[in-house]
Amino acid sequence: MRYFIGNWKMFGIPKSINILNKINYFYSKDKNRQKYRVIITPPYTLIETYAKHFKNKRISIGSQNCYQKDQFSSNTAAVSPFMIKKVGAKYTLVGHSDNRSEGDTNEMLKNKVLFSLKNNLKVVFCIGENQTQKKNKKTFSVLKNQLTKVLDKKFNKNNIIVAYEPIWSIGTGKIPTKKELEKTTIYIKQVLTSIFRKKSPAVLYGGSVDSSNVEMFKEIREIDGFLIGGASKSSKKFIDIIKNYYR
Ligand code: PGA
């Protein structure tokens, strides 16, 4: 199974659903549709209406983050996995670099994963090194640390997807070389296999994915799909990524 996940970040109002209607139309007619899933993570404000609208359609809705507690609490502006699940989301991102840079620690992320899984949300766990870490050849140790400090053998690996997003690549147009990315993805899968003592969960790539560079990414067999930011806000750009992937 391949995954095309669109992360809208701080984008979208109710009528932006038109973008998703177009993607859903393409998806429902695509001859390759059995080979992949499309998941979109709009902001919290739109999850309920979008999830209702796409309930019996092909697109799944997820959230971009969640609070590290189970149900209800007294944390102002916090939204728990329980609340997200109850309005129809099926997935949640956890550990996006935007949220890590705003203070998410490994301990917080572990609770986010734990309570998301407990509430039957599938988790897309994001990891990635920054520019300095890459320059200092620390990529593998950073990734290993991010994975082993949060993921646990007792978590159900079938409900976890890992998204590798080098921070220097997010929204910059810069992407890793094919060789580099192949090595890194294989390494991530090795670490995951040793954590779960089972076949690795799916590993996605994210960072400046578009319809022209997806041709290179598709040659890397180990990559199970993509987390797409900027290009997911346009139905054409998002559909072109899928088309070019299967071309
Ligand atoms: P980008 O974002 O595709 O705009 O680089 C990816 C992400 O942050 O998930």
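Would you kindly derive the ³J(HN,Hα) couplings of region 171-183 from the backbone phi angles with the Karplus curve 6.51 cos²θ - 1.76 cosθ + 1.60 (θ = phi - 60°), listing them in order in whole Hz, with x for Gly and Pro?
These are the phi-based 3J(HN,Hα) values: x, 10, x, 8, 10, x, 6, 4, 5, 4, 5, 4, 4 Hz.
Rg/Rh for the chain to two decimals, with Rh computed the Kirkwood way over all alpha-carbon pairs. Don't skip to the answer; put the middle values down first.
Working: Rg = 17.0 Å, Rh = 18.1 Å.
Rounded to two decimals, Rg/Rh equals 0.94.
Contact order normalised by length for the chain, with contacts defined as Cα pairs under 8 Å and 6 or more residues apart; what percent is it? Kindly include the intermediate steps, with their values, before the conclusion.
Numbers: 458 pairs, mean separation 47.8, N = 247.
Reported relative contact order: 19 percent.
With springs only between Cα atoms under 10 Å, which of GLY62, GLY12, GLY206 fluctuates most in a Gaussian network model of the chain?
Result for the chain, Cα springs under 10 Å: GLY12 fluctuates most.
So what is the 222 nm mean residue ellipticity for the chain from helices alone, if each DSSP H run of at least 4 adds -39500 (n - 2.57) and you divide by all residues, rounding to the nearest 500 deg cm²/dmol? Working shown, then result.
Values: 10 runs with 96 residues, N = 247.
Here the helix-only value at 222 nm equals -11000 deg cm²/dmol.
Given the options PHE11, PHE115, PHE217, which has the most mean-square fluctuation in a GNM of the chain, springs set between C-alpha atoms less than 10 angstrom apart?
Comparing PHE11, PHE115, PHE217 in a Gaussian network model of the chain, the most mobile one is PHE11.
Keeping the other protein chains in place, figure out the carbon and sulfur percent of the accessible area of region 103-247, with a 1.4 Å probe. Numbers along the way, then the final one.
Values: 3400 of 6770 Å².
Ligands and nucleic acids excluded, carbon and sulfur give 50 percent.
If I take R0 = 30 Å and measure r between the Cβ atoms of ARG33 and ASN136 in this structure, what FRET efficiency does the formula 1/(1 + (r/R0)^6) give, to the nearest 0.05? All intermediate terms of the calculation are to be shown ahead of the outcome.
Numbers: r = 43 Å, r/R0 = 1.43.
With R0 = 30 Å, the Cβ-Cβ based efficiency is 0.10.
Using only Cα atoms, figure out Rg for region 159-247 and give it as a multiple of 2.2 N^0.38 Å. Walk me through the numbers before you get to the answer.
Details: Rg = 13.1 Å, N = 89, 2.2 N^0.38 = 12.1 Å.
Here the Cα radius of gyration is 1.08 times the empirical estimate.
Ordered by residue, what ³J(HN,Hα) values in Hz, to whole numbers, does region 100-107 give under the Karplus form 6.51 cos²θ - 1.76 cosθ + 1.60, where θ = phi - 60° and Gly and Pro are x?
4, 6, 9, x, 5, 9, 4, 5
Which order do GLU215, GLU48 take when ranked by solvent-accessible area (1.4 Å probe, heavy atoms of all protein chains), largest first? All intermediate terms of the calculation are to be shown ahead of the outcome.
Details: GLU215 60, GLU48 85 Å².
From most exposed to least exposed: GLU48, GLU215.
Hey, what do the phi angles of region 207-224 turn into as Karplus ³J(HN,Hα) couplings, whole Hz, using 6.51/-1.76/1.60 and θ = phi - 60°, x for Gly and Pro?
My calculation for region 207-224 gives x, 6, 6, 9, 5, 8, 7, 5, 4, 6, 4, 5, 6, 8, 4, 6, 7, 8 Hz in order.
So which residue, out of PRO42, PRO14, PRO81, gets the largest mean-square fluctuation from a GNM of the chain using Cα contacts under 10 Å as springs?
Highest fluctuation of the listed residues: PRO14.
Rounded to the nearest whole Å², what accessible area per residue is found for the chain with the 1.4 Å probe? Before the final figure, lay out each step's value.
Details: 12140 Å² over 247 residues.
Ligands and nucleic acids excluded, the figure is 49 Å² per residue.
Of LYS110/LYS135; LYS178/LYS243; LYS35/LYS243; LYS69/LYS153; LYS122/LYS157; LYS86/LYS112, which pairs sit farther than 18 Å apart, going by alpha carbon to alpha carbon?
Working: LYS110/LYS135 28 Å; LYS178/LYS243 20 Å; LYS35/LYS243 12 Å; LYS69/LYS153 20 Å; LYS122/LYS157 10 Å; LYS86/LYS112 16 Å.
Distance filter (> 18 Å) returns LYS110/LYS135; LYS178/LYS243; LYS69/LYS153.
Only four residue types carry charge here, +1 at the Cβ of Lys and Arg and -1 at the Cβ of Asp and Glu. Report the dipole size of region 67-201 about the Cα centre in Debye, rounded to the nearest 20. Working shown, then result.
Details: 26 positive and 10 negative charges, 129 e Å.
Taking the Cα centre of region 67-201 as origin, the dipole is about 620 debye.
Expressed as a whole percentage, what fraction of the accessible surface of region 1-71 belongs to carbon and sulfur atoms when a 1.4 Å probe is rolled over the protein heavy atoms? The partial results should precede the final answer.
Details: 1990 of 3740 Å².
Here carbon and sulfur together make up 53 percent of the probe-accessible area.
The values are calculated or read from the model by the stated rules, or taken from the named source; none is laboratory data. A quick note: this is a predicted structure, and the numbers were derived from the prediction, not measured. Positions of Cβ are generated from backbone atoms using ideal geometry, with glycine treated the same way; all protein chains shown enter the neighbour counts. Heads up: the accessible areas ignore ligands, DNA and RNA and are worked out on the full protein's heavy atoms, side chains in. Shrake-Rupley method; radii C 1.70, N 1.55, O 1.52, S 1.80 Å.
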